[in-house]
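Where a number appears in this text, it was derived from the coordinates with a stated rule and is not lab data. Everything numeric in this text was worked out from a predicted model, so none of it was measured. Here the Cβ positions follow ideal geometry from the backbone for every residue, glycine too, while neighbour counts run over all protein chains shown.
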Amino acid sequence: MFMSNARRLAMAQWDVFSSRALEGNSLAVFFDGHGLSDAEMQSIAKEMNLSETTFIFPRDAETERERGVRVRIFTVQEELPFAGHPTLGTAFALRGESGAKEIVLELNVGRVPIHFENARFEDARAKDAPGQAAFGEMTQIDPVFGMQHDREAVARATGLRVEDFDSSLPIETVSTGLAYTITPLKSLAVSQKLRVDLNRASEYLEKTGGKFLYFVTRETVDPAARLHARMLFYNGEDPATGSAAGCTAAWMVAHGVAEPDERALIEQGMEMRRPSRIFVRAAFQVNPRNGHSDNRVVNVRVGGNAVEVMRGEVFL
């Protein structure tokens, strides 16, 4: 029975990195987190039971123009400094019907701008979703490359075989706000049958500077995709991991999997029947004195579609 003195928290749920409802990665967005304690936000995220839940903290217009809209991101277990699909989905929710070309969020990791393109349909199926913005693209912070890993060590840590990895590409930790260990597999078959000892993997990652493993292979289901990806975590699986995709964009350019500034498609969530389409690109920094690349990867961008599937209130 509803109690009249309960706090009413307005929220919406979005499916991100898809133009169709019931695909992509679901996100709960709470429009005003003022008055909520950290413990309450964590409990609400557990109640939502999604990969992530975001809380918006509205501020005066001048502050938001200068610094962006303040947003915090929670998984079912912890607060994150940055995550991709919550950033993109929250920007879509804030944009609403305004038609704004850009939304800037202030996350724990800093300012993240999201640019919207109404005239382009990067996913042709977006035509099935009238009224939704065609495409949103976030610019992540510049990547930091960590260690390259010994395949035998990673095999021991994950329970995989050494021959399951793609020997032509490095296993490497990269961060654009959250550190992922990009782990290339040799085939789509290996990826589809993936089983990982998450406890041992977590122990290994704690020692080597990564937060999660992000498994990719150059064999894909969709011929238009450049990589097929999976991300196993918290005893489950993530349908779309935009923060990992940004790290992977930097890794792709650094190792010749994609050309600088080429927009490439990463498919994810196929095994979960939550297909997600994540478009990524990155560039090499150009030395202004000679116009040549200095091999430093910059300007990491991650984009896709999003569709609102639910609105409601939570009572506390």
Q.
In whole Hz and in residue order, list the ³J(HN,Hα) couplings for segment 69-82 that follow from phi through the Karplus curve 6.51 cos²θ - 1.76 cosθ + 1.60, θ = phi - 60°; x for Gly and Pro.
A. 7, 6, 9, 10, 10, 10, 8, 6, 10, 6, 8, 10, x, 7
(Q) Quick check on the chain: helices-only [θ] at 222 nm, where DSSP H runs of length 4 and up contribute -39,500 (n - 2.57) each and the sum goes over total residues. Nearest 500, please. (A) -6000 deg cm²/dmol
Q.
Using the basic label-point model (7 angstrom from Cα toward the beta carbon), what is the Asn235 to Gln77 distance in nanometres?
A. 1.0
Q) Just how far, in whole angstrom, is segment 157-225 from segment 237-281 if you go by their alpha carbon centroids? A) 13
Q | Over segment 144-302 - Rg/Rh using Cα atoms and the Kirkwood inverse-distance radius | A | 0.96
Q) Can you list the residues, at least 5 places off or on another chain, whose amide H is less than 5 Å from the amide H of Val309, using H built in the peptide plane? A) Gln13, Trp14, Asp15
Q) Number of Lys-Lys pairs in the chain under 29 Å by Cα, sequence gap 8 or more or different chains? A) 8
**Q.** Value of Rg/Rh across the chain [Cα atoms, Kirkwood radius]
**A.** 0.97
Q. If you project the alpha carbons of segment 126-215 onto the principal axes, what extent comes out on each, in Å, largest first?
A. 49, 31, 27
Q.
At a 10 Å Cβ-Cβ cut-off, how would you order Thr217, Thr75, fewest neighbours first?
A. Thr75, Thr217
Q. How far apart, in nm, are two points set 7 Å out from the Cα along the Cα-to-Cβ line at Glu203 and at His34?
A. 4.8
Q. Which ordering of His34, His115 is given by a fewest-first count of other beta-carbon atoms within 10 Å?
A. His34, His115
**Q.** Only Lys, Arg (+1) and Asp, Glu (-1) charged, at Cβ; the chain dipole about Cα centre in debye
**A.** 220
Q | Volume per residue that the Cα convex hull of segment 189-269 spans, once the total is divided by residue count, Å³ | A | 102
Q) Quick one: which of 203-209, 304-310 comes out on top by average Cβ neighbours within 10 Å, and what's the full order, highest first? A) 304-310, 203-209
(Q) Order these by the 10 Å Cβ neighbour count, fewest first: Ser243, Ser51. (A) Ser51, Ser243
